Amino acid sequence: MSNIVSLNAQNLQQVLGETSQQKLVLLNFFSPQSPECISQTVILDKLAAEYSSYIVVANLDCDAEQALASQLAQQVGLQTLPTLVLLKDSAPVDVLAGAQTESQVRDALSKHLPAQQDLLLEQAKQALINSDLNAAFTYAKQAYELDSRNARIKLVLADICIQIHKLDEAAALIETIDVKEQDAYFNNIKAKCEAALEATDSPQIKELQEKVAKHPNELDLQMQLSNLLNEAGRKEEALEALFTILKKDLNYDEAKPNFLAIIASLPDGDALAAKYRRKLYSILY
């Protein structure tokens, strides 16, 4: 992992100097012979993965690098192992002596890193770049729950909602943006939402809805309608159309695979997915 390094005399200046100008460096004094040190290193590995854009863990093996450890120990007043020193701009900003719990390390980090909602927002943006809409929605939703007044968080969440066809949620978020915060990004997201909403009510959908109303027992019409509704992002209506088919014929054409595919396309923990899983189970068992 690129943000976990083994500290030695060769990279000392780069890590504690140059790197600490850009990221928070966690200098970990440890001994591989100590169970407490090993346990804390596991915690630091986890945090390094979670905060990869913000921290670097510099592990100093005090057994293998005795001279360097002795030199640095005098500078920080080292008395016990493990000891964790947080450095920013080449200077210590916090010292945690002795074994720490994950919660204690997180508390120390929170004083020197961006707020949790800002971290989550950055993770949402990165997930968007990676085309992982499920993760992006999860991160942005968590950020919104922490700070529901933040206009930037609301707009990023609205953008993601548009892409996963949760258009009502997107429109509701956009509606709450104060006039003073309606910048170019706001106008872009609003225009995307309006275009998406307009596309959800096409003439083809209206025509099929009328045919289904006149011929409710023609399952092929229901299938066609569910496909159009799903393409337009109207997932709940698409699921309902497919459920109507499944109640009449559980093995009709691609009704069940399509039903399960729509559920799988919804974000983790989505209430709509849970609702229609229960409905499907009700006719399966």
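Quick test for you: out of 39, 53, 2, 20, pick the one residue that is closer than 27 Å to residue 123 by Cα, touching a strand residue (DSSP E or B) at 6+ places or on another chain (Cβ under 7 Å) and hydroxyl-bearing (Ser, Thr, Tyr).
On the way: 39 fails: touching a strand residue (DSSP E or B) at 6+ places or on another chain (Cβ under 7 Å); 53 fails: touching a strand residue (DSSP E or B) at 6+ places or on another chain (Cβ under 7 Å); 2 fails: touching a strand residue (DSSP E or B) at 6+ places or on another chain (Cβ under 7 Å).
On inspection, the qualifying residue turns out to be 20.
Of all the residues that make up the stretch 62-89, how many are under 31 Å from the mean Cα position of the chain (by Cα), on the phi > 0 side of the Ramachandran plot and of a type outside the set (Asp, Glu)?
Looking only at that region, the number is 0.
Residue check, residue 61 against (1) open to solvent by less than 50 Å² (accessible area, probe 1.4 Å); (2) within 19 Å of residue 111 (Cα to Cα), all met but one. Which one?
For residue 61, the failing item is (2).
Among what's in the stretch 146-165 and is in a loop (DSSP other than H, G, I, E, B) and closer than 20 Å to residue 117 by Cβ, pick the residue that is most open to solvent (accessible area, probe 1.4 Å).
Within the stretch 146-165, the first condition is being in a loop (DSSP other than H, G, I, E, B), and the residues that meet it are 147-150, 164-165.
Next, only the ones that are closer than 20 Å to residue 117 by Cβ stay: 147-150.
Details: 147: 41, 148: 61, 149: 205, 150: 40 Å².
Going through the qualifying residues, I end up with 149.
Restricting attention to the stretch 94-107, report how many residues are touching a residue at least 24 places away in the same chain (Cβ under 8 Å) and either of a type in the set (Lys, Arg) or in contact with a Leu (Cβ under 6 Å, 6 or more places away or on another chain) (or both).
1
Return yes or no: is residue 122 among the charged types (D, E, K, R), modelled with pLDDT of 95 or more and surrounded by fewer than 19 Cβ atoms within 10 Å (Cβ to Cβ)?
Values: among the charged types (D, E, K, R): yes; modelled with pLDDT of 95 or more: no; surrounded by fewer than 19 Cβ atoms within 10 Å (Cβ to Cβ): yes.
No.
The values are calculated or read from the model by the stated rules, or taken from the named source; none is laboratory data. No experiment lies behind these values; they were computed from the predicted model shown. Here the Cβ is made from the backbone with ideal geometry for all residues, glycine too, and neighbour counts use every protein chain on show. Surface accessibility is based on the protein's heavy atoms, side chains included, excluding ligands, DNA and RNA. Shrake-Rupley method; radii C 1.70, N 1.55, O 1.52, S 1.80 Å.
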